[in-house]
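What follows is a single structure, written as structure tokens, with notes after it.
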Amino acid sequence: MIKKFLYSQKVAPYVFVLPFILVFLVFWVYPLGSSLGMSFQKIQLGQEASWIGLDNYEKLSGDGVFLKAVTNSAIYMVLTLLILIPFPMLFAVLINSKLMWGREFFKSSFFFPALTSVVVAGTIFRLMFGEMEGSLINSILGWFGIDPVKFLKGQVTGFIALLALATWRWTGVNMLYFLSGLKNIPDEYYEAASIDGASSFQKFTKITMPLLKPTTIYVLTISIYAGLAMFIESMMLWNGNNSPKNIGLTIVGYLYRQGIEKNNLGYAAAVGIVLLAITMIINLTQLKLSGMFKKED
């Protein structure tokens, strides 16, 4: 009876979908619902939770440190988008070119940083951008007669270090996404364009970029989330969650500070809900503008 039930054509689709539904409910819907409920409460370890309504959100709206964290995360997100979409796309086009030699070597070389632990990578970059004269970056600057720079104590220089880490770590990953997209573009399109006398630049702008749109939107979507949710890189680069004047504080870093360091779980939950709302608004807006919600004829 059970075997007949499971092998039923009407039941089988639901059996296959059931694992995803269970995982979605247990690891996404339930935590989200719990966090939403916690955001309306005052919850501290050792004390009974109390309902406070919108107090946490009202407090957030006037919290200067939180606004600093949001600004840092937004700036980091925008800058990483400007770097980690066009450059990986260009590298993918170059590696995919028929004139390119050593393709597998360059693919592996670009992707290797993503396999490195972010803790290890962050520690290495902290040493590279150290304020001592003997640190790697200051040594290079010394060759040009430039005095040592305290990279991790300034807003602009701190972001340079963060962006260097992000570029080193994620360029290869995004490049592979674009390479997979390029493999789906038929060679006949480029051959026809060559017969018509199109230049390499015209092929790139008229064929490659339009047909890479789905891949580009996917990379853009995950990059927006990654930029806003960045935390470990900042924590490792500044060897903790307390950078000078909060120059490296992110939204998730502030959530960690309130929830883990200060045990203010209700306030931390409100921070998480706001982060989710910001991410959803930005991504749904860009997906709407890019036409991803339009029905195909």
Subject >> Cβ pairs under 9 Å, 6+ apart, first in segment 165-180 and under 13 Å from P113 (Cα atoms), second part of a helix (DSSP H, G or I) and among the polar types (S, T, N, Q) >> reply: A166/T80; T167/T80; W170/T80; W170/S223; G172/S108; G172/S109; N174/S223
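Of all helices (runs of 4 or more DSSP H) completely enclosed by segment 197-291, which ones contain at least 2 residues that are open to solvent by 30 Å² or more (accessible area, probe 1.4 Å) and without any contact (Cβ under 8 Å) to a residue 12 or more places away in the chain? First the steps, then the outcome.
Details: elements: 200-203, 213-228, 232-237, 251-256, 265-289.
Result: 200-203, 265-289.
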Subject >> Only listed residue being more than 13 Å from W238 (Cα to Cα), aromatic (F, W, Y) and within 25 Å of the chain's Cα centre (by Cα), chosen from F129, F110 >> reply: F110
Original post:
Which of the residues belonging to segment 62-80 are surrounded by fewer than 17 Cβ atoms within 10 Å (Cβ to Cβ) and in a helix (DSSP H, G or I)?
Top reply: G64, V65, L67, K68, T71, A74, I75, V78
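Take the conditions assigned to a loop (DSSP other than H, G, I, E, B) and more than 23 Å from E261 (Cβ to Cβ) and apply them to G53. Does it pass?
Yes.
The values are calculated or read from the model by the stated rules, or taken from the named source; none is laboratory data. This is a predicted model, so every value here is computed, not measured. Neighbour counts are summed over all protein chains in view; Cβ atoms, including those assigned to glycine, are modelled from backbone coordinates with ideal geometry. Just the protein is used for accessible areas: all its heavy atoms, side chains included, with ligands, DNA and RNA removed. Shrake-Rupley method; radii C 1.70, N 1.55, O 1.52, S 1.80 Å.
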